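Report on one structure; see the data block that follows.
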Amino acid sequence: MPEFRSSVGNSIAHHDNASIEWEAVWGRYGALMDDLPAAIAAAQRPLPVGFWVNPLKAPVVPETLAALRALGVDCTSIPWMPGAFRSLHWVAPGHTLPFFAGWCYVQEEIAMTAIAALDPQPGDRVLDLCAAPGGKTAQIALRVGDTGCVLANERNPGRMASLTATIARLGLTNVITTQADGRELALLPGSFDRILVDAPCSGEGTLRRRKQPKPWNSTHSQRIAAVQRRLLDRALTLVKPGGVVVYSTCTFAPEENEAVIDAVLGDRGGLESFDLPTLHGQPGQDHWQGQTYRGDLRHAQRYWPHLNDTGGFFVARIRRADTQIPNSPPAQSIADPLAMPWTPTSPLQELSRRFGLPVSQLEANSLCWTTGQRRQWLTSAHCIPPATLAPQTLGIPLATQTPRGLKPTTAFLQRFGPHIQQNRVMLDTLTQVETFLQGRSQALASTAIATEGYVHVGYGPYHLGCGWYQHNRLQSQIPKTLQWVKPQKS
């Protein structure tokens with residue numbers, strides 16, 4: 001018993017010390033919060049896992065949720081975001097088949113408010129100015145559909161990999177990525193119906209992922225606010241008159257939120273409210289520490305952790321004034337990637353023959369592109385890259401030429417797996433699946449229905465990707481970046 005009382009006492013002392021640390025850091029926001037102790041308590045609780053179901057690849061939502069519950073993932077719906085859910089018990093989601101097969105995307109729940117405010121419509125052309133890791137890009141792409149297009153830009157080369165991996169895993173053929181400084185993006189004014197500026201920030205709202213509070217740094221905040229102002233300024237130039245710009249951050253500081261909008265917007269537009277039933281937020285501020293801001297900033301929303309049991313976030317929806325945007329000198333054109341017509345020898349024709357894919361479906365809605373060293377890509381027909389920016393990716397990777405012949409990508413086979421009629425190999429056990437996803441080879445029964453060559457591999461309802469089949473042996477072709485790491489023996 002003495003040991004038990006001692007451990008409880010230590011736990012209480014640790015909790016009290018942590019609360020004191022949080023209060024010291026958040027003291028500057030005491031006048032903004034309705035309940036500082038509740039916010040501090042929420043900051044120290046584990047963050048629920050938010051995710052949404054990908055309608056391009058997942059079965060209907062009830063079946064997807066049933067598959068997750070079979071893995072022990074209990075979840076409840078997020079009422080203000082259709083198709084989105086939260087779970088308190090999803091451990092290591094990246095090592096589950098629903099995630100690998102692109103059925104769902106894990107995203108902090110409160111970050112979804114940016115897309116709710118942006119409200120992209122079918123056929124829209126949308127710019128995501130600071131796009132990595134790609135969750136918001138993906139939500140936009142699903143809303144604009146095959147008749148729309150998303151340009152996802154990311155300046156940081158270290159973050160591009162997560163962006164392009166998200167697009168490929170989810171099977172998004174209507175997204176083009178570029179790597180450029182969003183402050184100077186070489187595009188014509190008025191090119192987009194809607195623009196998302198999910199700006200780099202001091203990250204106070206991600207507090208529940210950390211074990212200790214992150215002190216606010218005035219110098220760092222001022223430096224990053226200068227970047228934010230230029231990003232928002234560029235977005236207001238690139239959006240069409242009457243279009244929508246959403247400015248969002250995962251921080252609380254008015255210096256990086258209201259002050260940025262107040263300094264940049266002027267008479268180029270105004271803020272609009274956006275209604276998210278059941279979600280509790282706090283209106284933006286029209287004054288802070290002696291500074292007075294424009295009154296329509298009250299339409300913005302700041303989300304504290306305790307209000308909805310989430311992380312923290314700030315969102316503002318701006319309607320661009322319906323006035324002519326001044327012309328700027330046209331940016332210099334670059335060499336366009338090569339769009340390949342449908343011919344009997346085109347990659348899509350060859351893959352259609354190999355896998356029994358319906359040519360008419362692909363031909364009517366797709367474009368095939370070749371860039372660099374014979375890298376081939378597949379986009380929806382309305383997704384054309386800008387002439388002034390070199391694309392990093394165009395839709396999803398389609399295939400590569402190898403000494404063995406045309407090799408389809410795992411992204412392509414997963415995306416069109418439900419339509420594949422031949423040269424499929426269906427695995428029977430989870431042991432076989434793990435072997436395949438770990439990038440290894442395995443012997444199969446002679447009853448596998450496939451001819452020698454590249455095959456599509458599946459397991460039950462899951463479309464897993466590319467393999468090489470020869471002499472009753474399956475060699476995994478899963479890219480190393482996607483392979484599951486074999487668990488270490490204890």
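The values are calculated or read from the model by the stated rules, or taken from the named source; none is laboratory data. Note that the structure is a prediction, hence the values are computed from the model and not measured. We place every Cβ from the backbone using ideal geometry, glycine too, and count neighbours over all the protein chains shown.
The criterion of at least 3 residues that are buried (at least 22 other Cβ atoms within 10 Å of the Cβ) is met, among strands (runs of 3 or more DSSP E) falling completely within region 343-452, by 375-380, 396-402. Is region 196-211 home to any residue that is surrounded by fewer than 20 Cβ atoms within 10 Å (Cβ to Cβ), of a type in the set (A, V, I, L, M) and in the same structural domain as F252 (by TED's automatic domain parsing)? The answer is no; no qualifying residue exists.
Number of residues in region 254-311 that are on the phi < 0 side of the Ramachandran plot and either of a type in the set (S, T, Y) or in a loop (DSSP other than H, G, I, E, B) (or both): the value is 23. The residues of region 44-85 that are surrounded by fewer than 16 Cβ atoms within 10 Å (Cβ to Cβ), in a loop (DSSP other than H, G, I, E, B) and in contact with a strand residue (DSSP E or B) (Cβ under 8 Å, 6 or more places away or on another chain) amount to a single one, D74. Among the residues of region 290-299, is any farther than 28 Å from D181 by Cα and under 24 Å from the mean Cα position of the chain (by Cα)? Looking for residues that are farther than 28 Å from D181 by Cα and under 24 Å from the mean Cα position of the chain (by Cα), one finds none in region 290-299, hence no.
Would a scan of region 143-158 turn up a residue that is in a helix (DSSP H, G or I) and crowded, with 22+ Cβ neighbours inside 10 Å? Yes, some residue in region 143-158 is in a helix (DSSP H, G or I) and crowded, with 22+ Cβ neighbours inside 10 Å. Taking first residues from region 41-58 that are acidic (D, E) and partners that are assigned to a loop (DSSP other than H, G, I, E, B) and surrounded by fewer than 22 Cβ atoms within 10 Å (Cβ to Cβ), no Cβ contact under 7 Å between residues at least 6 apart in sequence or on separate chains turns up. Looking for whichever is loosely packed, with under 15 Cβ neighbours inside 10 Å, more than 30 Å from K407 (Cα to Cα) and at pLDDT 95 or above here; the options are G281, G295. Which one fits? Exactly one of G281, G295 is loosely packed, with under 15 Cβ neighbours inside 10 Å, more than 30 Å from K407 (Cα to Cα) and at pLDDT 95 or above, namely G295.
Per-residue answers, yes or no, for (1) free of Cβ contacts under 8 Å to residues at least 60 places away in the same chain; (2) part of a loop (DSSP other than H, G, I, E, B); (3) of a type in the set (K, R):
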| position | (1), (2), (3) |
| --- | --- |
| A161 | no, no, no |
| T164 | no, no, no |
| L172 | no, yes, no |
| R194 | no, no, yes |
| S221 | yes, no, no |
| I224 | yes, no, no |
| L236 | no, no, no |
| G242 | no, no, no |
